[in-house]
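Here is the structure we will look at, set down as structure tokens.
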Amino acid sequence: MPNPLQLLTESRFLQPNRLRLLKILGLLLCLFGCSTSSIFIPFNVQSTNIKQTIEQDNSPDYAKIKKLATSLARQSNTQDGLLFSQESGRLFQLTNHFSTSKTLFAKTIERYRKQDQSAHLRLTAVGNQSLSLLSNDNVIPYDGEPYEQVMAHQFQALNYLFLNDPTAAAIELRRAAGMQRRIERDEENRKQQGVTAAQKHGISLKPLNQSPKVQQMNQLITENPQGFQNASTYFLSAVFWESQQQWNSALVDYKKALSILPNHPDIQKGIQRVTKARDGKSSPQPETGSLVVLFEQGFVAERAEFSLSIPSSSLEMIHSIAIPVYDKAHWPKTQALTISTKAGSHATTPLVNLSALAAKSLQQDYPALITRQVLRAISKKQLQSEAYKNSQALGLFTSLYSALSEQADLRTWSTLPHSIGAHLLTLPVGNQEIFLNVHPLSQSEHILIQSGRTTLLRVIECGGKLFTQVTVI
């Protein structure tokens, strides 16, 4: 069947000034054909499928989850490949396929490295990619968020720990710490670049700041005052160095975690314990070992979409744009894991709220995001005007396209936990029965405690299930 665009461009009745318009419309037709992309289909439709698969897979070997993970991994070379490699790496890790997960997170980390070297900025990408000015942010290759990059290193470190490669795990933990230092330094810069760009184009950010939806999201961030930092990364690193009797390294990371969460009891006890060991003041406890319970709870909050009217002084127009937000109505509840032994019951204390980190990252990106959206709205308006001058049918088509393509970018790493907590216990050597409970789930685990060694029990609650993984570090 002949291409409709080709038939139009070959018509002898076309005026020269129509050719450029029709080439642009050809791009729009191509985009309409991308029915499986997130250009027209919000990403949360795909993330819902991922979560439902986790919830519905009750097979002993998690066959459905592995099948989905394999399918996602095959898409790791697409424009959203970074996102798909993160999702598939997480799913393979959930099902104890640590080697496959390691390969996918290695690919993820390499892509982040290349992006860092090229100083990729979404704001400048809009000016270099014509399709993004005619569609929405979903056409821009997914480049991840800073907190996601930290979690990629953290999950890779866990892969190495469960593969009994402490040297490689140490490297990833140090990389994660380095990333956190860079985030702390660069995040305010990122916001200021967007503010400067908005001012340059005469775009007011006042409606954004006055929006009830955004103010509600800002309140959620305020209720979780952790800045841009992830204390769970430092805590895991500190526990690792403590298990290796590298007291100074452990103390440094415990103190970094404490600077984020000054009242966290396990961090405080960790500093006391490591300081005594470093100074030779600790008393050996014969026939005991340590059990560190790392609890990953729920799924990180999903982005929602809402419409915002933004004035542009350069064209004296008001533009209605679709932007992402984190909605209080869909904000996950933070829960602790109860750990019961013969000696008594304990509970994990949260180390990081990743939903809050996600919202904070979006908050920083808003000025640049609003600038892109308004520039895009101006381009679409100009395209519609030119189309109507040439043909009412073309004008109607571009108007329909503009309406359908006004989609917020809802892409995020959807299988990350909402929160991560931890607790450390000292237990007698031998086979210990541990009872785990987080409403409404409960199960028991038999853990072998070794004298003077640290056992890591990782508990992941998601999709109505408890996944458990154990290793000695």
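The values are calculated or read from the model by the stated rules, or taken from the named source; none is laboratory data. This is a predicted model, so every value here is computed, not measured. Neighbour counts run over all protein chains shown; Cβ positions are idealised from the backbone, glycine included. Calculation scope for accessible area: heavy atoms of the full protein, side chains included, ligands and nucleic acids excluded. Shrake-Rupley method; radii C 1.70, N 1.55, O 1.52, S 1.80 Å.
On a per residue basis, the range 238-288 carries 58 Å² of accessible surface, using protein heavy atoms and a 1.4 Å probe.
Measuring max minus min along each principal axis, the C-alpha atoms of the range 226-372 give extents of 76, 33, 21 Å (largest first).
Seen from residue 147, the other residues with C-beta closer than 11 Å to its C-beta sum to a net charge of -2, counting Lys and Arg as +1 and Asp and Glu as -1. Per the Debye formula with a single identical scatterer at each Cα and no solvent contribution, what log10 I(q)/I(0) holds for the range 245-298 at q = 0.18, 0.22, 0.25, 0.29 Å⁻¹? After summing over all Cα pairs, the log10 values are -0.69, -0.95, -1.11, -1.22. With the convex hull constructed from alpha-carbon coordinates only, the range 162-311 shows a mean projected area of 12.6 nm² over all directions. Of 341, 78, the residue with the largest accessible area leads and the full order is 78, 341 (1.4 Å probe). Rounded to whole numbers, the Karplus 3J(HN,Hα) couplings from phi for the range 174-184 are 5, 5, 4, 5, x, 4, 5, 5, 5, 4, 4 Hz, using 6.51 cos²θ - 1.76 cosθ + 1.60 with θ = phi - 60°, and x at Gly and Pro.
Working note: Karplus 6.51/-1.76/1.60 with θ = phi - 60° gives the range 227-237 the couplings x, 9, 9, 10, 5, 5, 5, 5, 5, 4, 5 Hz, where Gly and Pro are set to x. Think of the range 349-473 as a dipole: +1 on every Lys or Arg Cβ, -1 on every Asp or Glu Cβ, centred on the Cα centre; then among 426, 361, 393, 393 lies furthest on the positive end. A convex hull fitted around the alpha carbon atoms of the range 403-473 yields 124 Å³ per residue. Across the range 335-382, Cα-Cα pairs farther apart than 18 Å form 61% of the total.
The HN-Hα couplings worked out from phi for the range 245-250 by the Karplus form 6.51 cos²θ - 1.76 cosθ + 1.60 (θ = phi - 60°) are 6, 8, 4, 5, 5, 4 Hz, whole numbers, x standing for Gly and Pro.
The loop-placed GluC sites (Glu not before Pro) in the range 167-270, going by DSSP, that have at most 13 neighbouring Cβ atoms within 10 Å of their Cβ come out as 223.
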